[in-house]
Ligand SMILES: Cc1c2[nH]c(c1CCC(=O)O)Cc1[nH]c(c(CCC(=O)O)c1C)Cc1[nH]c(c(CCC(=O)O)c1C)Cc1[nH]c(c(C)c1CCC(=O)O)C2
């Protein structure tokens with residue numbers, strides 16, 4: 001069923017001599033061809049909603065590097081926008097959204113079933129990519145996890161400690177949980193449409209999972225991921241799901257079993273030998289190389305890449321970074337990483 005695609009074979013639990021490789025944010029500002037297409041689109045959001053150009057930037061890193069997977073070009077904050085939040089990007093600073101802190105803010109959001117009107121161009125991007133990607137290159141669809149998306153919707157921007165979201169969670173738990181439930185429902189529908197349009201794998205990005213401790217992690221990171229995964233696998237039997245509870249630390253262990261996901265994406269704070277013993281024991285793992293190596297390069301990059309490949313060589317493994325590549329990265333260092341993984 002997994003066919004010959006290396007990524008799908010790893011997700012199905014197969015150990016390979018050379019792991020498949022792709023990179024978080026592989027379509028991005030470190031590539032001159034991305035910057036040119038983004039300029040043609042006008043701005044980042046216009047690029048996300050332009051199916052031809054979004055497909056073009058998705059394909060750019062595949063053409064340049066021959067990665068073993070493509071990831072849909074879009075953003076986790078399109079869901080809040082499709083639910084009715086205002087969204088814009090401030091150059092050099094990041095995203096801004098209208099905030100949700102009261103029942104009346106929440107009441108202004110639309111129902112989950114209304115998101116597709118806004119998100120239809122994204123499904124069109126997926127359809128174009130299904131036609132244009134090389135036969136051996138699967139397409140990964142994605143969405144943000146409800147907690148991470150909620151942190152942006154509550155604060156109206158990225159925050160270092162997710163303070164406003166934690167405050168709402170403690171002070172108005174009912175409103176916080178209603179918001180999470182709405183995002184969860186929308187995310188299931190959104191990912192389901194991506195799969196219908198041709199995505200062969202989906203990934204759930206919980207970039208701020210690490211700030212949820214103890215029972216809160218179980219309720220607001222693990223449980224929504226379990227719900228989304230169960231609903232998708234019921235609608236689309238066999239669809240592989242990658243989960244990324246970033247900075248989950250010791251809670252990476254057991255996460256795949258508890259949620260039903262097929263692969264756990266690791267950030268660069270976990271020791272690969274520990275993760276091989278405690279996370280990969282349950283199935284496929286992905287990630288772990290610190291993104292800064294794409295800036296600094298050299299022998300350190302080669303040594304770290306080899307250390308990770310070696311640590312995970314006895315089980316299913318997808319080579320990737322521990323977080324997205326940054327705009328100051330050198331494209332030559334990406335090639336060096338790929339050559340090291342493939343050439344030893
Ligand atoms: C938290 C989060 C966001 N977006 C995303 C996350 C989760 C993963 C993570 O933790 O990095 C996920 C994301 N964002 C983007 C993708 C596309 C696919 C890929 O190549 O990985 C994916 C999977 C494109 C993007 N999303 C964004 C860019 C840069 C936009 C530009 O061209 O100016 C890209 C290529 C913008 C974005 N989008 C977001 C922020 C905070 C920012 C601004 C920060 C920055 O400028 O890098 C929200």
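What follows draws every value from the coordinates through simple rules; no lab data is involved. Since we're looking at a predicted model, the values are computed, not measured. Cβ sites come from the backbone with ideal geometry, for glycine too, and all protein chains shown count toward neighbours.
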Diffusion coefficient, µm² s⁻¹, Stokes-Einstein with Kirkwood Rh over alpha-carbon pairs of the stretch 6-343 at 4 °C and 1.567 mPa s: 65
Protection proxy ranking of 141-151, 223-233 - average other beta-carbon atoms within 10 Å, highest first: 141-151, 223-233
Fluctuation leader among 324, 28, 250 - the chain, Gaussian network, Cα springs under 10 angstrom: 250
Of 304, 247, 40, the one that fluctuates the most in a GNM where the chain has Cα springs shorter than 10 Å: 40
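With the convex hull built on the Cα atoms of the stretch 158-215, state its orientation-averaged projected area in nm².
Taking the Cα atoms of the stretch 158-215, their convex hull projects to 5.0 nm² on average.
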Mean projected area in nm² (Cα convex hull; one quarter of hull surface) for the stretch 219-283: 4.0
